[in-house]
Amino acid sequence: MLGDAYLPSLLDFLKKLSPEILKIYAQHSLEIKTKSDHSPVTEADLISHKAIVEFLKKLTPDIAVISEESENQNTRDTDKFWLVDPLDGTREFIAKTDDFSINIALIENHIPILGIIYAPVFDVFYFALKNSGAYKKTGISEPQRIQTRKLNSDLPVVIASRRHGDNQTLQDYLKRFKDYERLSRGSAIKFGLIAEGTADIYPRFGDTSFWDTAAGQCIVEEAGGQVIDTKGQPLRYNAVPPYLNPHFLATGDRREQHDKTR
């Protein structure tokens, strides 16, 4: 499958990029700029973006690269492209919570067929290839196959963003459970925790972009879970702006749905 040959090179490249990102992270003060959408951007975002885009263009010259930090993107509508979030969780990076990641996904025919989430502080990779399973690799250890778990509807573990507060849609969804445990984490690390069976449900009823979710979707699906919209359909991706997702639900148990009638 397309992507098999790329995965080892990408893992090695991100490992080598990590010290540069962590050096900036360790600085006492950071230079922070504000983008047109009012979100923050740091030197680490831009350095990571430049390095990853250059690497991917050398690795796959014929495949388009769409990155969160690209300006004036005029990517033609194509059935094959890379999606990159060079630093997912910039606010976590600024707040020094450690919960930031680098996300890379390869899209083919609107479906993520390769996904990598790398958390530099923890030196943890979550990665997957379509029809080849999902894996977690920590430090120098060998990759371990990961699997989601069956939902315990009496006490599910719900994971949500530390930076995005609850809204009424989320509260309505959570009413289906008698009780639940709540975890708050930043960035796409949440998808990794679903994929490895640490958490059960990641409901997101707010704004996200393609690069926030594509890598995580591949990993969760290959681990046995799902990432679906409010109609129960898997998220799909195209190369045409504005690259925005609908509200979604990431779950380890594919039987769990967002159903307003319950």
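Values as computed for the structure displayed
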{"quantity": "Reachable aspartates and glutamates from K80, criterion Cα separation under 12 angstrom, eight or more residues apart if same chain", "calculated": "D62, E108"}
{"quantity": "Length released on extending from Q27 to T138, taking residue separation times 0.36 nm less the Cα-Cα span", "calculated": "37.5 nm"}
{"quantity": "Counting all C-alpha pairs of region 83-144, share separated by more than 13 Å (%)", "calculated": "65"}
{"quantity": "Cβ-placed point charges (K, R +1; D, E -1), dipole of the chain about Cα centre in debye, nearest 20", "calculated": "480"}
{"quantity": "Cα-projected label distance for S153 with E54, points at 7 Å along beta-carbon direction, nm", "calculated": "5.4"}
{"quantity": "Partners for K175 among lysines (Cα-Cα distance below 16 Å; same-chain residues under 8 apart left out)", "calculated": "K260"}
{"quantity": "The chain: antiparallel DSSP beta bridges as a percent of all, rounded to 5", "calculated": "80"}
{"quantity": "Residue of S29, S184, S18 that the Gaussian network model of the chain assigns the largest fluctuation, springs spanning Cα pairs under 10 Å", "calculated": "S29"}
{"quantity": "Per residue value of the accessible surface for the chain (all protein chains in place, 1.4 Å probe), Å²", "calculated": "47"}
{"quantity": "Span per principal axis, largest first, for the Cα atoms of region 3-75 (Å)", "calculated": "39, 31, 14"}
{"quantity": "HN-Hα J in Hz across region 237-254 - Karplus 6.51, -1.76, 1.60, θ = phi - 60°, x for Gly and Pro", "calculated": "10, 9, 9, 10, x, x, 6, 10, 8, x, 4, 8, 9, 9, 9, x, 9, 5"}
{"quantity": "Listed residues K33, K231, K150, K15 arranged by accessible area, highest first, probe 1.4 Å", "calculated": "K231, K150, K33, K15"}
{"quantity": "Degrees between helix 43-59 axis and first principal axis of the chain (Cα, 0 to 90, nearest 10)", "calculated": "80"}
{"quantity": "Prolate/oblate/rounded label for region 69-108 (Cα gyration tensor, a/c 1.5)", "calculated": "oblate"}
{"quantity": "Between 0 and 90°, nearest 10: helix 7-25 axis offset from the chain longest Cα axis", "calculated": "80"}
{"quantity": "FRET efficiency, R176 to N131 (Cβ-Cβ, R0 30 Å, nearest 0.05)", "calculated": "0.40"}
{"quantity": "Per-residue HN-Hα couplings for region 88-93 [Karplus 6.51, -1.76, 1.60; θ = phi - 60°; Hz; x = Gly/Pro]", "calculated": "7, x, 4, 5, 5, 4"}
{"quantity": "Region 156-225, Cα convex hull volume normalised per residue, Å³", "calculated": "84"}
{"quantity": "From phi via Karplus (6.51, -1.76, 1.60), per-residue ³J(HN,Hα) for region 126-137 in Hz, x at Gly/Pro", "calculated": "10, 8, 7, 10, 3, 6, 10, x, 10, 9, 10, 10"}
{"quantity": "Fraction of accessible area attributable to carbon and sulfur, the chain (%, probe 1.4 Å)", "calculated": "48"}
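The values are calculated or read from the model by the stated rules, or taken from the named source; none is laboratory data. All of these numbers come straight from a predicted model, not from anything done at the bench. When we count neighbours, we look across all protein chains shown, and the Cβ atoms used for this are built from the backbone with ideal geometry, even at glycine. Heads up: the accessible areas ignore ligands, DNA and RNA and are worked out on the full protein's heavy atoms, side chains in. Shrake-Rupley method; radii C 1.70, N 1.55, O 1.52, S 1.80 Å.
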